[in-house]
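To start, the structure itself, in structure tokens.
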Amino acid sequence: MMLPRLSHTWSFLSGVLLLIAAAASRADVPTLTVYTYSSFASDWGPGPLIEPAYEAHCGCDLKFVALEDGAALLGRLKLEGAGTSADVILGLDTSLTREAMDTGLLMPHDIDLQTIAFATPWNDPVFVPFDLGYFGFVYDSESVGTPPASLKELVDNPDSPPIIIQDPRTSTPGLGLLLWMRSVFGDEEMAAWARLSPRIVTVTKGWSEAYGLFLEGEAPMVLSYTTSPAYHRHVENTDRFKVAMFDEGHYQQVEVAARVTTSAQPERAQDFLRFMLSDAVQQLLPTTNWMLPAVRTNQALPEAFLEAELPMRVLSFTPDDVKMNRKEWIKRWLAAVER
Amino acid sequence: MDQALASRGRTVNVRSAQTGVWALLPGALSLAVLLTLMGGALAAIFSVAPPIRPMAILQDPYIGKVVRWQAILSATLSVGLALPVARALARRDQFPGRTLLVTFLGLPVVMPVIVAVLGLVAVYGKSGLINTWVAYLGGEITLPLYGLTGILMAHVFFNLPLAVRLLLPAWQTIPEESWKLASSLGLSSRLLLRLIEWPAVSPFLPGVCLIVFLLCFTSFAVVLTLGGGPASTTIEVAIYQSLRYDFDPAQAAMLALIQFVLCTSIALILIKWIPVLANSSGRRIDARHRPDLKNPIGRTVDITLILTTACFLFIPVLAVFTQGIRGPITSVISNPDLWWAVLRSLLIALGATATACGLALGLALSARFLRFSLRMHRVSEILILMGSLSLAIPAMIIGTGLFIVLLQAGALDRGTLLVICAVNALMILPYLIRSIAPTLMRSAQQYDQLCAQLGLRGWPRFRVVDWPAIRRPIGFSLGLGGALSFGDMGVAALFDTQGDTTLPVLLFHQMGAYRFDEASVTAVILMLLSVSLFWLIDRSIGR
Amino acid sequence: MFLKLDDVEFSLGQWRLQVSLCLEQGQCLALIGPSGAGKSTLLSLIAGFETPSRGSIRINGDTVNQLDPASRPVTMMFQENNLFNHLSLYDNIALGCHPGLKLNSSDKDRIHIAMTATELTAIATRLPADVSGGERQRAALARCLVQHRPLLLLDEPFASLDPRLRHQMHALVDSLRKANELTVIVVTHLPTEISPLAGTTAFMHDGRLLEYGPTAELLAKPQHAELTRYLKFTQAHYTPDF
């Protein structure tokens, strides 16, 4: 027990020294700067595994700059404009890609998409998908016997479990549910929200608050991702949390990466995008980012990811649709759920 | 001989032009820094994204709706409940654990919102303590945690202890003779309240109300999470949305301006009742001679009040603690990133407190000169008010603005920490100014002539006369400020780059990666360190 | 005997007060002694702000040890802060009649009489901050009068007034004492000045009553060295005529 603690102390101390020596220049290897969101780059995310792997592969220095989430990442890019130091942005989802295109800061990836077996049809010239997921309602099997089998049932059955959701104005899953409702109910979505509203325990600012409240037992069901139960199975060895699979299908979130026009090393950036699509990276995403690979690989998914938790149908709007209608739909949502 | 006389004459005449310039300089500097930070941030935002139709915002019915009553209700409730609690604490000036209780009153306000909310939920939630006990006894109740009651409960949880701490010094202003007189006249407890305590406390109220109101007005994670839906949305949500998801910094800045104007108007209404003069004389609260000490009803009321408050505040805190203690402690504390984050948070806290302290002293010293030497009461009050209003512009807006400035100056790497400190300093400035200014004013009232007589000016006067007077209130508010910026998440998250996390940001990352157990350990570490910092600063400066 | 202190003891840390004392009704006692001798503490014990650890305090034959200040037939004036700053002089005085300021006509008469006696009628509605120091202390005295308490304790209330005002106040106290049969204990550092008012003087030193006797005699022929030393510095203030 003595040794590891000592080594931590040492790594801490040497870290302090490093900080002092930070002014001193590093070795003259080129640096590839990748803007991403914080959970991607955090200790538990794929970032720390990808970094050494890619550095070994390219003989360069890979630097992640972690912003709070995808929206913050795009916000930062917009603020920095042509002066950005990013070579690659990694982690926007398809509800943001249109907005990102409009900055004029992203360039085509020039990768031949035909040669890659994407898990979802893909032909965008600028963005490369690296992982994907589906929004879903996670429930506590100790308090919910039979979960609703469809979004319609969740909305219409007054006995379906109370839920915690996120605010579409401030969070990605919240916006995801808004789009999901919209794709299932179309123009009737306001009435559907009004019917669902009495069973919404609360609407939180972000995913963490909602999931935290759910784990505290505030509601038996929470808006999250279909892959959330896999986390609990894989890390905590518990089968308690499950996802309710809906007949209408699940709204898809595709996370993408792109090259930045102003980058001085577009080839390396392209190389990094390819690297993200490689089997090695794709295989580590499920158990680090808790998302599904965007590319079909030879390897099966880790055990914790159940076949039954993959949606039968996939719902999505085009990025243009989202960009055009988001504000209006949010207004309609506000009008429908304000009480 | 003549020269000696002349120079003495000048020291006595505090109104002389030369002294004037020097005495106004600190305030002018502070004000310049303040306005540059706030105005510069807004200007920077407008410079990169000019507002297209600035007036269109006002026509959006959504904006009209976000100005809600919850802030007024929350503030009234927090301060209203704080009054009897503060009175009970002032009346029972010595019972075992009192010092500890008063110290820990600073705890809720420095808890990260999400941690506090989870703590409240652990007590009042569906599977919380109360429901578990009730269920154990065979009953079932549903506490209305989501909705207005939830918002109010959380706001009272955060702000009641703060208000108590800010109100307690009021009792120190009551001279001992008043109590003796009262006991010789046989005044009842009710009359003590009317004749002695209310006149002493009421001057403190508007200032305390203003701070608490601003906190409730701008709080938004609480309002959103416990509000049960978007119905209780505050203007801050709209700002956050414009800034983060609509990519419309100009709209966000406009909204921030609207919020600032609103808060300023409210403050200007309150200013009429904010006398800067009232404050503690520095003596200890001495309740010995109160005639109503032995009254059994009063005693029961006090004990009940103190116990209820303690339970209301500390059971959620304890819930957070017990959860953290059961968590994976070793794996969390053996992560060097945690200690890096602690170090960074500490740097930010110290930097922010030092900056805020300088700003507050500058404003207060010059405001004092304006008031007593130049007799410009209004200008003096406005100078003090400027320091109280930095809460009204969201940290996020100032942060974004300053980020743009750094970006354009190409100083993103070097300047980040500075900017985080500056923004945090602005956020804690109101607490400092409210506690320093009145004491400095009082010290002027008492000692201006004496100091002039002795030729005490500038630094020697500050060191010998003013510092001893303000160290108690400044110790408290610096401690509070340090703890607040130690636990601040909003601004640090804006600048977050890999490896440069602060402790609260780390906590958020853990939650974002499903690591709720680890997050609860981090929360405990964060709280322990916040309180230690608060205690250390309060003790070392406030003695 | 109107006031009787029997071996009253009180300690504050190391310091100890130990006093026995008797006063007749209508008598006026000057209490002199160096700072820290225990003069104010003695008054506090009589008024009930402090409780003796031993001994008994009897007023009119009743032991008052256990009574709270309001229930004792005692009223006290301090050096400062005798008035509530946010109440008018009239209300401050009226507090002596009824703590809730609910006044009946006889109360009002009493207040009127007291205010006339202290010459405050013209400035009744002013706030303490707006009147002179002498007027403030007169108002405090007026309140003591309307309280109708037979024992009046004065803890140097006139110390900060000018000599002429002080004289007037002493004369006022003296006439009021005679008119209302008051017993007065006055703490002072100016024994010669107070001698026309106080027939008796007591000298306190280090928590004890060292000397006690008719004022003129005590001042003229001090028995203890401490008193001689104390008086040496007060003689300068001697003002023979009253």
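Among the numbered criteria (1) part of a helix (DSSP H, G or I); (2) modelled with pLDDT of 90 or more, which single criterion is violated by residue C:129?
Result: residue C:129 fails condition (2) only.
Scanning for something touching a Gly at 6+ places or on another chain (Cβ under 9 Å), at the interface with another protein chain (Cβ under 10 Å from one of its Cβ atoms) and not β-branched (Val, Ile, Thr), does region A:25-36 turn up at least one residue?
yes
Could we say that residue B:181 is facing chain C (nearest Cβ under 9 Å) and not in a helix (DSSP H, G or I) here?
Against the criterion (facing chain C (nearest Cβ under 9 Å) and not in a helix (DSSP H, G or I)), residue B:181 does not qualify.
Among the residues that make up region A:97-118, is at least one of them under 25 Å from the mean Cα position of the chain (by Cα), crowded, with 23+ Cβ neighbours inside 10 Å and not aliphatic (A, V, I, L, M)?
Yes, the conditions are met somewhere in region A:97-118.
I'm trying to understand the selection: among the residues of region B:44-61, which are surrounded by 15 or more Cβ atoms within 10 Å (Cβ to Cβ) and either in a helix (DSSP H, G or I) or modelled with pLDDT of 85 or more (or both)?
Residues satisfying the conditions are B:44, B:45, B:46, B:48, B:57.
In this structure, does residue B:207 turn out to be farther than 23 Å from residue C:101 by Cα, crowded, with 22+ Cβ neighbours inside 10 Å, among the small types (Gly, Ala, Ser) and more than 14 Å from every other protein chain (Cβ to nearest Cβ)?
Here the answer is yes, as residue B:207 does meet what is asked.
Is there a residue being within 11 Å of chain B (Cβ to nearest Cβ), part of a loop (DSSP other than H, G, I, E, B) and among the hydrophobic types (A, V, I, L, M, F, W, C) anywhere in region C:136-144?
No, there is no match, as no residue in region C:136-144 is within 11 Å of chain B (Cβ to nearest Cβ), part of a loop (DSSP other than H, G, I, E, B) and among the hydrophobic types (A, V, I, L, M, F, W, C).
Since residue C:3 meets every condition but one in (1) within 14 Å of another protein chain (Cβ to nearest Cβ); (2) touching a Leu at 6+ places or on another chain (Cβ under 6 Å), which condition does it not meet?
It is condition (1) that residue C:3 fails.
Considering only region B:88-155, give the helices (runs of 4 or more DSSP H) lying wholly within it that have at least 1 residues that are farther than 28 Å from residue B:519 by Cβ.
Where helices (runs of 4 or more DSSP H) fall fully within region B:88-155 and carry at least 1 residues being farther than 28 Å from residue B:519 by Cβ, they are B:98-104, B:129-136.
In contact with a helix residue (DSSP H, G or I) (Cβ under 7 Å, 6 or more places away or on another chain), surrounded by 18 or more Cβ atoms within 10 Å (Cβ to Cβ) and more than 22 Å from residue A:214 (Cβ to Cβ): does that describe residue A:285?
no
Filter region C:138-160 down to the residues that are more than 16 Å from residue C:97 (Cβ to Cβ) and surrounded by fewer than 21 Cβ atoms within 10 Å (Cβ to Cβ), then identify the one that is modelled with the lowest pLDDT.
Filtering region C:138-160 for residues that are more than 16 Å from residue C:97 (Cβ to Cβ) and surrounded by fewer than 21 Cβ atoms within 10 Å (Cβ to Cβ), the one modelled with the lowest pLDDT comes out as C:160.
Does any residue of region A:172-187 turn out to be within 12 Å of another protein chain (Cβ to nearest Cβ) and modelled with pLDDT under 90?
yes
From B:412, B:440, B:407, which residue is in contact with a Gly (Cβ under 9 Å, 6 or more places away or on another chain), modelled with pLDDT under 85 and among the aliphatic types (A, V, I, L, M)?
B:407
Can you tell me which residue within region C:161-202, out of those that are in contact with a Ser or Thr (Cβ under 7 Å, 6 or more places away or on another chain) and part of a strand (DSSP E or B), is surrounded by the fewest Cβ atoms within 10 Å (Cβ to Cβ)?
The qualifying residue surrounded by the fewest Cβ atoms within 10 Å (Cβ to Cβ) is C:200.
Give the residue that is nearest to the chain's Cα centre (by Cα), with candidates limited to residues of region B:215-237 that are surrounded by fewer than 23 Cβ atoms within 10 Å (Cβ to Cβ) and farther than 16 Å from residue A:169 by Cα.
Only one residue tops the list, namely B:215.
Is there a residue being in contact with a helix residue (DSSP H, G or I) (Cβ under 9 Å, 6 or more places away or on another chain) and farther than 29 Å from residue B:223 by Cα anywhere in region B:159-170?
Within region B:159-170, one or more residues are in contact with a helix residue (DSSP H, G or I) (Cβ under 9 Å, 6 or more places away or on another chain) and farther than 29 Å from residue B:223 by Cα.
Of all residues in region B:221-261, how many are more than 9 Å from every other protein chain (Cβ to nearest Cβ), part of a helix (DSSP H, G or I), touching a residue at least 12 places away in the same chain (Cβ under 8 Å) and within 23 Å of residue B:390 (Cβ to Cβ)?
17
Does residue C:39 meet the test of being more than 14 Å from chain B (Cβ to nearest Cβ) and within 20 Å of residue B:180 (Cα to Cα)?
Taking the combined requirement at face value, the residue satisfies it.
Could you check how many residues of region B:130-171 are over 30 Å from residue B:436 (Cα atoms) and among the aromatic types (Phe, Trp, Tyr)?
Matching residues across region B:130-171 total 3.
Please go through (1) part of a loop (DSSP other than H, G, I, E, B); (2) farther than 30 Å from residue A:211 by Cα for residue A:147 and return the number of the only condition it doesn't satisfy.
It fails just one condition, (2).
Just to check your reading of the model, which residue among A:149, A:82 is surrounded by fewer than 16 Cβ atoms within 10 Å (Cβ to Cβ), over 20 Å from the mean Cα position of the chain (by Cα) and more than 30 Å from residue A:329 (Cβ to Cβ)?
A:82
Go through region C:70-81 and give me each residue that's surrounded by fewer than 23 Cβ atoms within 10 Å (Cβ to Cβ) and not basic (Lys, Arg).
Selection gives C:70, C:71, C:73, C:78, C:79, C:80, C:81.
Name the residues in region C:24-46 that are buried (at least 20 other Cβ atoms within 10 Å of the Cβ) and either in a loop (DSSP other than H, G, I, E, B) or charged (D, E, K, R) (or both), would you?
Correct list: C:33, C:37, C:38, C:39.
If you go through region A:43-63, how many residues are facing chain B (nearest Cβ under 10 Å), within 18 Å of residue A:93 (Cβ to Cβ) and in contact (Cβ under 8 Å) with a residue 24 or more places away in the chain?
Adding up the residues that qualify gives 1.
Scan region A:230-243 and tell me whether some residue there is polar (S, T, N, Q), within 14 Å of another protein chain (Cβ to nearest Cβ) and crowded, with 24+ Cβ neighbours inside 10 Å.
No, there is no match, as no residue in region A:230-243 is polar (S, T, N, Q), within 14 Å of another protein chain (Cβ to nearest Cβ) and crowded, with 24+ Cβ neighbours inside 10 Å.
Residues in region B:83-109 that are buried (at least 18 other Cβ atoms within 10 Å of the Cβ), out of contact with any Phe, Trp or Tyr (no Cβ under 9 Å at 6 or more places or on another chain) and either at pLDDT below 85 or aromatic (Phe, Trp, Tyr) (or both): how many?
1
The values are calculated or read from the model by the stated rules, or taken from the named source; none is laboratory data. These numbers were taken from a predicted model, which means no experiment stands behind them. Backbone-built Cβ (ideal geometry, glycine too); neighbour counts: all protein chains shown.
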